[in-house]
Amino acid sequence: MRAFKPRYRERAREQIVTIDTDSAPRILFYGENFLLEDLPVGTRVIYPKRPLTGVVNPVATIRYALNHPLDMDPLHAQLEPGMKVTIAVDDISLPLPIMRRPDVRETMLDIVCEMLADHGVDDVHIIVATSLHRRMHDREIRRMVGENVWREYWPDRLYNHDACDPDGMVVLGKTRHGELVEMNRRAAESDLVIYININLVPMDGGHKSVGVGLCGYESLKAHHTPRAIVDSDSFMDPKNSALSHSVERIGRVCDQHVKVFHIETVLNNRAFSGPLDFLMKNEDDFTEADRLKFEAMKWTLDRMPYAARREIFMRTPAAYELIACYAGATDPVHEKTLARSYEQYSIDVAGQADILITGIPYISPYNVNSKALNPLLVQVMALGYYYHMYRNRPLLKDGGVLIIAHPCSDKFDPVHHPSYIEFFNRILPETRDSYVLEKKYQDEFAYNPSYVEMYRRGNAYHGAHPFYMWYWGQRGREKVGRVIAVGTDNKTVPDILGWERADSLAEAVAMGRSTMGRSAQITMMHHPPILITDVS
């Protein structure tokens, strides 16, 4: 076993940023496995903040929010017998990984449904706000909502949103920018919509909940465009995000037509607990027991079949804790939510990096319980999410080198991602130009009868979804000089994505320095858990 040497630490918030004075082994997530790599001398390693302390009593915290909402009457004061109420709830794309039970959505639903029953409101439907995501499997919904709600509402009054149901969608109008506003008909015709939200990152919640979660394809295509992505100076900073601005305009039209009571929650970043709690630590703080656990875990994973490794990771829930809950009107609620979210995730960092290193884990918002993190989702994690984990300025300077660690396996889940397979193998080899893809092929996939049927009756992502995943990385593609993937198990996938490949981190760094110079500033983002950099 290689020795873990003591390091000098640059004192930032909670000693989160570490400057290595000589090479040191650091853990990089590598799909369903880990890499232990020596970083170059002088590498800056940015660690997430320690988890904020969870509230002592989640039930009391949620009840207080419902009874003391922002810019609205308490929820109980808005209820009366005979009302038509729709509850919308975030889908399985949040949180990542899945949280241990009870899921905070179960807790909120139990409280809200009990309150509705106490006030004689019996015309209640619960809709999983999937937008163009896949339908959740029955077992996934049952785990999320809990046994009480499952027994009472499934399947007639608890179901997935269907953005392609011609009778189930209604057009509310257009924004002042001409964006079409569609909404789930049941929600639009309700006396009250109660939205139950989880905020994992600052791009969640707010007007996005109803304006995106319950919309249709024609509404979503207004802002899920290459141009909107390029004009978004980080998805994690709503005030500078063109995508967020469009969603806000759509959401305000929704609020004009429907009374919406938002319940937003913020979770801490306790992604690992129990036997895996050492993964929350800086490697310099590992005890001898931690090192032995890591080596034993890595040795075991290296020898396990891929399917078994993936099953272990997917079935290991996170120990997330509730740190805040706010309720009421859209804007004031989300303002409070964002402030609390930044308290957990925001890290002060001095200066940009020339070379940025990050591992890509096994999971994204779009492959929960899928058979693989397919190549398009590896791309969206690298150039979409991790590149955008900043406020103020990008952590990686324009023209810099992004180094990722991931096998980039040519694996797809045919049940969840059928349109991805055609997009990757037929369309992407023809052109990687997002603007051409949007104009020439997107509607073809969106209205393909087979893909529509698999979205509506099966558990497939909408036919247009792979296009959005490609667009999501567009700003990163335009700003990053080179992307180098370390440890790929094939050459084809990086070639199709337009990436280079290296067999080791040392080789990748040498390639990066050939572009950025021998004195290039190298930074590693130590994901997961999530962090967002405030770059000065």
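No lab work stands behind these numbers, since they all come straight from the coordinates. It should be emphasised that the depicted structure is a prediction, and the values quoted were computed from it without experimental measurement. Cβ sites come from the backbone with ideal geometry, for glycine too, and all protein chains shown count toward neighbours.
Brief remarks on what is shown
- Restricting the stretch 389-473 to chymotrypsin sites (Phe, Trp or Tyr not before Pro) in coil, as DSSP defines it, with at most 16 other Cβ within 10 Å: TYR447
- Legend: distances between Cα atoms for LYS208/LYS259; LYS397/LYS440; LYS174/LYS239; LYS174/LYS439; LYS439/LYS479; LYS49/LYS293; pairs beyond 25 Å are LYS397/LYS440.
- Segment ASP167-ASP284, length gained on full extension (0.36 nm per residue, minus Cα span): 36.3 nm
- Shape call, the stretch 166-265: gyration tensor on alpha carbons, a/c limit 1.5: oblate
- Whole-number percent relative contact order across the chain, with pairs defined as alpha carbons under 8 Å at least 6 apart: 20 percent
- Three-way shape label, the stretch 271-318, alpha-carbon gyration tensor, a/c 1.5: oblate
- What the phi angles of the stretch 401-416 give under the Karplus curve with 6.51, -1.76 and 1.60, with θ = phi - 60°, is a coupling list of 10, 9, 10, 10, 10, 6, x, 6, 5, 7, 10, 9, 8, x, 7, 8 Hz, glycine and proline written as x.
- The chymotrypsin sites (Phe, Trp or Tyr not before Pro) found in the stretch 262-307 include none that occupy coil by DSSP while having at most 14 further C-beta atoms within 10 Å.
- A value for Cα extents along the principal axes in Å was derived from the coordinates, and within the list (i) 69, 53, 44; (ii) 92, 50, 48; (iii) 78, 49, 45 it appears as (i).
- Put a plus charge on the Cβ of each Lys and Arg, a minus charge on the Cβ of each Asp and Glu, and nothing anywhere else: the dipole of the chain about its Cα centre is then about 1180 debye.
- Over the stretch 396-530, volume per residue of the alpha carbon convex hull, in Å³: 123 Å³
- Neighbour-count order for ASP110, ASP156, ASP398, fewest beta carbons within 10 angstrom listed first: ASP156, ASP398, ASP110
- Which of MET136, MET183, MET297 has the fewest Cβ neighbours within 10 Å, and the rest in rising order: MET297, MET136, MET183
- Selection among ALA65, GLY274, ILE141 by position relative to the dipole of the chain gives GLY274 as farthest towards the positive end (Cβ unit charges, Cα centre).
- Per-residue 3J(HN,Hα) values for the stretch 321-334, derived from phi via the Karplus relation 6.51 cos²θ - 1.76 cosθ + 1.60 with θ = phi - 60°, read 10, 5, 10, 6, 9, 10, 9, x, 6, 4, 5, x, 5, 5 Hz in sequence order (x marks Gly and Pro).
- Shape call, the stretch 387-436: gyration tensor on alpha carbons, a/c limit 1.5: prolate
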